[in-house]
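The values are calculated or read from the model by the stated rules, or taken from the named source; none is laboratory data. In this text, all values refer to a predicted model and were calculated from it rather than measured experimentally. Cβ placement follows ideal geometry from the backbone for every residue including glycine, while neighbour counts extend to all protein chains displayed. These area figures cover heavy atoms from the full protein model, side chains too; ligands, DNA and RNA do not enter into them. Shrake-Rupley method; radii C 1.70, N 1.55, O 1.52, S 1.80 Å.
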Amino acid sequence: QEIEEFRIGILGGENAQDRLNSYACLQEYTTEALGVETKLFAPADYNGVIQGLLGGTIDMAWLGASAYAATYLQDPEAVDPVLVKVNLDGTIGYHSIGFARVDSGITSLEEMEGKVFGFGDPNSTSGYLIPSIEIPQAGEEITMEPGAYFGDVVFTGGHEQTIVAVANGDIDGGVTWADAQGNWEDGYNSGALRKAVDAGLVDMNELVQIWQSKVIPEGPIVLRKALPEDVKATMTELVDGLHERDETCAYNVAAGETLGFQPVDHDTYQSVIDARKAVIGN
Amino acid sequence: MLEIDALTKRFGPNTAVDAVSLTFDKPAMIGIIGASGAGKSTFLRMVNRLTDATEGRIIFEGTDVTALKGKARRGWQSRCAMIFQQFNLVPRMDVVSNVLHGTLNRRSTLATMFNVYPEADIHRAIEILDRLGIAEQAPKRAEALSGGQQQRVAIARALMQDPAMILADEPIASLDPMNAQIVMDSLRRIHEEDGRMVIANLHTLDTARRYCDRVIGMRHGRVVFDGRPDQLTVGVARDIYGAGADFSESATSTDLETLDRQPDAAATAKAFV
Amino acid sequence: MLEIDALTKRFGPNTAVDAVSLTFDKPAMIGIIGASGAGKSTFLRMVNRLTDATEGRIIFEGTDVTALKGKARRGWQSRCAMIFQQFNLVPRMDVVSNVLHGTLNRRSTLATMFNVYPEADIHRAIEILDRLGIAEQAPKRAEALSGGQQQRVAIARALMQDPAMILADEPIASLDPMNAQIVMDSLRRIHEEDGRMVIANLHTLDTARRYCDRVIGMRHGRVVFDGRPDQLTVGVARDIYGAGADFSESATSTDLETLDRQPDAAATAKAFV
Amino acid sequence: MSDTTLSRADPSHVATIQSSYMAEVQRRRLYGGLTLLIFVLLMVSGFMIADDRNAGGFWEGLSQVGDYPAEVLSEAWEKRADLPGLLVKYFPALIETINIAAVSTLIGAAAGLVLSLLSTRGLARWPRLIGLFRRIMDIMRAVPEIVIALVLIFVLGGGPVPAMIAIAIHTAGALGKLFSEVAENADLKPVEGLASTGATWGQRMWLGVIPQVAPNYLSYGLLRFEINIRASAILGFVGAGGLGYELRNSMAWGPGRFDEAAAIFLLLFGTIVFFDQLSSRYRNRLTEGDRT
Amino acid sequence: MSDAMTLDTAKTDISALFRRKRLTAFAVPSVILAYFVYIFFAFDIPGLAQRADWDNAVTLASDSWSHKVHVTRDNSSGEMEYSVEGERKGNYPDGQRPAWVSGEDIVTVDLGGDHVVRFLDGTATEIEIPGFGLVEARTEGRTVLTNLPEAVPEWISVSDRRVGITTPEGRITITGSKTEVFNYFPGWELFFFTFESPYHGQPATRILFGDRIDPERANIVGAVQDFWNNAMWRHKDVVWAIGETILMAFLGTFGAAIIALPLAFLGAKRFAPVQAARFGIRRIFDFVRGVDALIWTVVLARAFGPGPMTGALAILVTDTGTFGKIFSEALENVEEKQIEGVQSTGAKPLQRYRFGVIPQVVPVLLSQILYFLESNTRSATIIGAITGGGIGLMLTQAIQTQKDWEEVAYYIILIVLMVMLMDWVSGKLRARLIKRSH
Ligand SMILES: Nc1ncnc2c1ncn2[C@@H]1O[C@H](COP(=O)(O)OP(=O)(O)OP(=O)(O)O)[C@@H](O)[C@H]1O
Ligand SMILES: Nc1ncnc2c1ncn2[C@@H]1O[C@H](COP(=O)(O)OP(=O)(O)OP(=O)(O)O)[C@@H](O)[C@H]1O
Ligand SMILES: [Mg+2]
Ligand SMILES: [Mg+2]
């Protein structure tokens, strides 16, 4: 069994070209390790990567937990989760953070009643799946049905859009992801808020946290099941050892400081898969 | 009342109208004749301010018409109605609307866009049409009318402007002799009954001779004849048209009765050439 | 050589051509005249097999042309060239290409798709054009030519087919008298020099009389006259055209010299009506 | 039978024409062949580059084309009982999409009308600025709607308005160009007639030009409306509300919500076909009515 | 003159006519106006006016033609960092820093207009703002201590964890972890060369005519290489992306035309061999057109994955429907005369089409195809944004991350130029081909 080329899909969160650039080093290592041409693809949204994995046009990607669940639910035989990123403190989780503008006077979910609430991408774990399950558990009467508890529930399309929409006052509150470590005023140590702060996009003094989820497992790096075993092994090894081999490259690929990657299996995500099944059906 | 002072129009290297100076003391019916390209149309269009003069002045009752701008210029245009060879009506609109266009200068743009005209104006338009014998055509579209009728609608539009002066640029050139006569009769009657000044470009001598009080001959942009109709001899005509000795008037005549008439060769002329 | 046997064409309830039987023994120049709607065009189109006959037969040198199908039918069409009132050229293509269309039947489909013709054919096409006096126009587009020139291109296309017979459907109806004469002269010359049979629908008597050896008159789909041109009197013409007593030939004449000629009223005619 | 024997002019003359024509034919064939060759090369190499830069190959993909629709349709078919309810659920989004298209067509057509008159020789209010207005229209046409929409979403927030403005701007540019082509052929006599009565520019245009060009303008306007329905659906897909937004979400959710995707798709398809048929019928009548 | 009676009836008739006309003249605008009123509320325009964030518009506008240089001090380590746009690849190389920064122990940043920021020992910072006074700040752990009064102007945002000051000359933010100064400058910094390039900051004349700056390479070659590989602006990728977009439009449009032409014959009333097939073909045209490029993009993305081929195919499928319809209409309108002329010579059916039909429709078809080529360039931008390819993806992503507005501006300018170029090219080709085609 031979492959002619190796195709890596990269998820959003950054400028398409920035993403491709961050992965350029991995591309080189892959070509070297596999001896075939490696290509990078940056589809416009989560669904693009999922479709690519399902259709067999993408061989490897770093998915979110929910996106992995979506892939698994559509075709359990499509991909294998192999590795997961390890945070600086050794955990492999992060949180979904609900937030609002300070001057709106909202400080908690109770005050969001009748207000407009914003999710990110429908395939995002922290931007949709987990909050859509955990937020209703926070209060008796809270549901995610648009117009029932919240005045409206909308999808902004992604974490960045949610942050800007809240900061602009287009929506009253929203959810995004963060590691929930470090300081709120810096936008925590890592996550979408931190990026927005670093870019000078928002002033954290103007935002207030109104909710925080339980820890969410970091999404897996997946390989297409149909790939030859030796290719899968080579790639797992390559990414696993990336941190030791080239720290800058690992920083770029993992989008921040990490302790590198560690092996992971399907069971880690069973709860997320169940959650997704419960929320979206099928 | 109207004084033209060295009026000149150049199109690039061509001089279409060349330092024309004329004085009109009282309202009269004036015919301008001349070969094609002599500058007749350009002259009338400058008087109406459709075209800007290159040099010279037009003074009407003490006002320098050539210097008017914007609103004042449009005001002048509304006082000096123009009739065209091709009628220049709005073909898809009905006759009364076309006549009412004569009041545009007095009405606000917005009102006219919504077809809002005072009832009095509408009635007056019909009276004018009736005076010209085409009141029955009032609701029809202009394009449905015959040429002679369309030209009378154009005259009605001109009258609707209640102008001090009517300029007619070859008003009968696209008409058959029958309709030509009706139109020229109308213009003459308007001049006589209302006392309005009429200046008409004509391309046939006999029309000029028959209807006008004063005839102006142009050639190459210059006035080469200015006199009474009876001074317009065949010889003078040859000069105006730059024609050879074989020039015969009947060849260009539109008068229904020309064939029966004799050219009165006895008249004397005052030629400038 | 050509025999038409009770040829009939019906369009729904209308009978356009009604049991026409004619015999042509030798190549001649034949004119068919008749009022509009008489069935002239339909008749020629049936002969060329552009239209299928409803009934009757066309027999050419022993073959039943009406029964031909597919390849054989196209073969017949190539032997019996057709010229149309509106020329029916491909206006966007150059003159020579249009003439070369006359060889389509003989060439393989594939080669012609790419506009590839043997050099010899191209040379012959230009020679034919030269014969018709329009060789200079060879590289021009057909649409750039005058009507008379276009019709000569159509004749050249017909000659290119090297046909036994040329059918011409009102070949000069869209032409001015001057060009009409050139075209008719060409057809006549082809008949005389090459000995080809020419059948031409004509809408003017004098053309038929002047150029044809035999004239056939049609009315309401039937042959109502068949005779020598000199038998074609005004009285016969009245019958053919179903005209009243005020019918005058010169009204429809296209001959340049008609005005100077006297109708020869002395000839006798053989009318069928 | 020989045609040549009867040749009219001297043979050398014919020979010159023949050889020059042959040369011309040769040249034409060469150019034609070269053009064809270049075109074929461009197509083939373009295909190869595109295939190479695509994640999936063309030939492998071809066999899978049916997979996705099959998944969507089979799920939709299983849940066909819900379909009417879903159609009702997404009807308001459809109305929003149509509204975006309608408003932007109206505004764009009005702006295009003014721009076209301002940039048509013989009609322009300021003849010296014709070039300027033409460039403005070119730029309005060249900027894709998505660019304006996304930038406006940043400033105005999500919802229908950014899409509406974006489409209206593009419509103004596109219709302006078409309109001015029509206006160029308008008869100027009535305009001059009106000018001679002292009519303002607005009056001259409204009474002298608009009646002449109205049927053509209407016909172009309808065609544009149809195009704009598609545009507004597409903009929804990138976050500007309406049916496109709903479609993207339901597609992103994947299995479990494919019945919703199918319902939305049905609405979108039905709407596009409906307005397509409506406008083509109406347009035919407009331009044909013009002919009689 | 006619008698008074008939004149009066004429007057009343016409008055009535004008009343009717006025009614219709008012009716249409009234309906439109009513519709706009409905839209005004349906689209929530009043709310929109409130929500519209003009600050964002200002940020966008100023960011799109200017750049900022970040001066950052890590408050735990005390390390200073200088970078353009705060991006790693815009970092000043070690030992270099902007000219408006001075001092060793006390780093002084001159923002211009007498605005000065001094990084003092440890975590302390001093900010001089003319007309306001001297702001002193210091961080202890997460807490930020300042001398700012309770009531501060609206351009200062203070909490005990974070201080943000926005002046016309620049921005300063202080948190426990870092103190950051943004200094704004007009223009697109590093557009030609990044700091790594030896050609950065060299005058054009030196590069063109001077001695070798980099001994390894000829100046022009090196300059072109470094420009082409500029990591900040990525001109190479941008050009590829534009090429990909045009490629999608080109392949899609011409592919569709090639497929649609024979189908159009089957779908045209005059040429269809089987009428039932004609009906079927027509419905297929309607279907692929009606489904729309957007949905085709999504459907095809599964099979072909992200990339330009998917985009090209989406355009191809949709336009096959559109062309099919246009072409078969054109075919139905061909003149019979030419066909008959060719037919009368005994031409075979294919020859009849070739010479009787094709020359008539080619100009119509070509001009349509070229027109679509231009408009498809625009569609390809959008389709690329969905399917993941071309300049459209780069643009939408740059907009969605909402910080690189100068890149957005760069892409927009390039897209506009690209579409205008295609418009121009297609116009030229149209004019040429139609004049001399066969
Ligand atoms: N808009 C224009 N641009 C350039 N030259 C013009 C223009 N209008 C008129 N001319 C030229 O000016 C000269 C006078 O033209 P004008 O129309 O006034 O003559 P005319 O006496 O009215 O002739 P006609 O009997 O043909 O109407 C002609 O040589 C004409 O070609
Ligand atoms: N395709 C057709 N379908 C129905 N009727 C037809 C058709 N072609 C011809 N006709 C009818 O057949 C009759 C004869 O027409 P034909 O064209 O042969 O007359 P013609 O003598 O050539 O007349 P013209 O001088 O007008 O060309 C006419 O009544 C015509 O209306
Ligand atoms: Mg004139
Ligand atoms: Mg006929």
Problem set entry | Close pairs from the range B:161-174: first within 23 Å of B:Asp121 (Cα to Cα), partner within 11 Å of ligand 3 (Cβ to nearest atom), Cβ under 9 Å, at least 6 apart | B:Leu167/B:Leu44; B:Leu167/B:Arg45; B:Leu167/B:Asn201
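For (1) of a type outside the set (Gly, Ala, Ser); (2) in the same structural domain as E:Leu251 (by TED's automatic domain parsing); (3) modelled with pLDDT of 85 or more; (4) touching a Ser or Thr at 6+ places or on another chain (Cβ under 9 Å), each residue gets a yes or a no:
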| residue | (1), (2), (3), (4) |
| --- | --- |
| E:Thr387 | yes, yes, no, yes |
| E:Gly392 | no, yes, yes, yes |
| E:Ile415 | yes, yes, yes, yes |
| E:Met418 | yes, yes, yes, yes |
For this session: Could you check how many residues of the range B:5-53 are among the β-branched types (Val, Ile, Thr), under 16 Å from the mean Cα position of the chain (by Cα) and away from chain D (no Cβ under 14 Å)?
Result: 3
Exercise. Among all residue pairs at least 6 apart or on different chains, which show Cβ distances below 7 Å where the first residue, located in the range B:84-104, is closer than 17 Å to E:Lys21 by Cα and the second is of a type in the set (Lys, Arg) and surrounded by 24 or more Cβ atoms within 10 Å (Cβ to Cβ)?
Worked result: B:Asn98/B:Arg157; B:Val99/B:Arg157; B:His101/B:Arg157
Problem set entry | Residue that is within 11 Å of chain D (Cβ to nearest Cβ) and either more than 16 Å from ligand 3 (Cβ to nearest atom) or within 15 Å of the chain's Cα centre (by Cα) (or both), where the choices are B:Pro91, B:Pro171 | B:Pro91
Seminar exercise, completed: Requiring at least 2 residues that are in contact with a Leu (Cβ under 7 Å, 6 or more places away or on another chain), the strands (runs of 3 or more DSSP E) wholly within the range E:50-142 are E:125-129, E:133-140
For this session: From (1) closer than 26 Å to A:Lys195 by Cα; (2) open to solvent by 50 Å² or more (accessible area, probe 1.4 Å); (3) over 18 Å from the mean Cα position of the chain (by Cα), pick out the condition that doesn't hold for A:Glu257.
Result: (3)
For this session: Determine which member of the set D:Ile49, D:Ile107 is closer than 30 Å to E:Ile45 by Cα, open to solvent by 30 Å² or more (accessible area, probe 1.4 Å) and either within 13 Å of chain E (Cβ to nearest Cβ) or not small (Gly, Ala, Ser) (or both).
Result: D:Ile107
For this session: Can you run down the residue pairs with Cβ atoms below 6 Å, 6 or more apart or on separate chains, where the first is in the range B:39-63 and away from ligand 3 (no atom under 14 Å from the Cβ) and the partner is part of a loop (DSSP other than H, G, I, E, B)?
Result: B:Glu61/B:Met1
Seminar exercise, completed: Filter the range B:16-58 for residues that are near ligand 1 (Cβ under 8 Å from one of its atoms) and assigned to a strand (DSSP E or B); the one that is surrounded by the most Cβ atoms within 10 Å (Cβ to Cβ) is B:Val17
Seminar exercise, completed: Of A:Leu227, A:Leu201, the only residue that is assigned to a loop (DSSP other than H, G, I, E, B), within 14 Å of chain E (Cβ to nearest Cβ) and either surrounded by 19 or more Cβ atoms within 10 Å (Cβ to Cβ) or not hydroxyl-bearing (Ser, Thr, Tyr) (or both) is A:Leu201
For this session: Test each condition in (1) facing chain B (nearest Cβ under 8 Å); (2) under 35 Å from the mean Cα position of the chain (by Cα); (3) of a type in the set (S, T, N, Q) for E:Ser15 and report the one that comes out false.
Result: (2)
Problem set entry | Failed condition for C:Gln151, given (1) surrounded by fewer than 24 Cβ atoms within 10 Å (Cβ to Cβ); (2) touching a residue at least 60 places away in the same chain (Cβ under 8 Å); (3) in a helix (DSSP H, G or I) | (1)
For this session: Under 8 Å between Cβ atoms, at least 6 apart or on separate chains: pull out the pairs that start in the range A:222-245 with a residue that is among the charged types (D, E, K, R) and end on any residue that is in a loop (DSSP other than H, G, I, E, B).
Result: A:Arg224/A:Gly56; A:Arg224/A:Ile58; A:Arg224/A:Asp59; A:Arg224/A:Ala78; A:Lys225/A:Glu77; A:Lys225/A:Ala78
Problem set entry | Search result, residues across the range C:162-203 that are part of a loop (DSSP other than H, G, I, E, B), open to solvent by less than 10 Å² (accessible area, probe 1.4 Å) and within 22 Å of C:Asn105 (Cα to Cα) | C:Pro163, C:Arg196
For this session: Would you check if there is a residue in the range C:39-48 being more than 13 Å from ligand 4 (Cβ to nearest atom) and over 23 Å from C:Thr204 (Cβ atoms)?
Result: no
Exercise. Among the residues of the range E:351-360, is there at least one that is facing another protein chain (nearest Cβ under 7 Å), among the charged types (D, E, K, R) and buried (at least 24 other Cβ atoms within 10 Å of the Cβ)?
Worked result: no
For this session: State yes or no: is B:Ala6 at positive phi, in contact with a strand residue (DSSP E or B) (Cβ under 8 Å, 6 or more places away or on another chain), surrounded by fewer than 23 Cβ atoms within 10 Å (Cβ to Cβ) and aliphatic (A, V, I, L, M)?
Result: yes
For this session: State all residues of the range C:206-236 that are within 16 Å of ligand 4 (Cβ to nearest atom) and in a helix (DSSP H, G or I); if no residue qualifies, say none.
Result: C:Thr207, C:Ala208
Exercise. Tally time: how many residues in the range B:74-88 are open to solvent by 10 Å² or more (accessible area, probe 1.4 Å), more than 16 Å from ligand 3 (Cβ to nearest atom) and either out of contact with any Phe, Trp or Tyr (no Cβ under 9 Å at 6 or more places or on another chain) or among the aromatic types (Phe, Trp, Tyr) (or both)?
Worked result: 4
Seminar exercise, completed: Taking the range B:152-185 and keeping only residues that are of a type in the set (S, T, N, Q) and modelled with pLDDT under 90, one is left with B:Ser174, B:Asn179, B:Gln181
For this session: Enumerate the helices (runs of 4 or more DSSP H) found wholly within the range C:69-137, keeping only those where 3 or more residues are under 15 Å from E:Thr345 (Cα atoms).
Result: C:70-79, C:95-100
Problem set entry | Only listed residue being open to solvent by 50 Å² or more (accessible area, probe 1.4 Å) and small (Gly, Ala, Ser), chosen from E:Gly86, E:Gly78, E:Gly95 | E:Gly95
Exercise. Would you call E:Glu189 under 26 Å from A:Asp203 (Cβ atoms), free of Cβ contacts under 8 Å to residues at least 12 places away in the same chain and open to solvent by 10 Å² or more (accessible area, probe 1.4 Å)?
Worked result: no
Exercise. Looking at the range C:5-17, is at least one residue of a type outside the set (A, V, I, L, M, F, W, C), under 30 Å from C:Asp121 (Cβ atoms) and away from ligand 3 (no atom under 16 Å from the Cβ)?
Worked result: no
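Residue-by-condition table, conditions (1) within 21 Å of E:Pro359 (Cβ to Cβ); (2) within 12 Å of chain E (Cβ to nearest Cβ); (3) within 22 Å of the chain's Cα centre (by Cα):
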site: C:Arg79; (1), (2), (3): no, yes, yes
site: C:Gln85; (1), (2), (3): yes, yes, yes
site: C:Leu104; (1), (2), (3): yes, yes, yes
site: C:Thr112; (1), (2), (3): yes, yes, no
site: C:Asp121; (1), (2), (3): yes, no, no
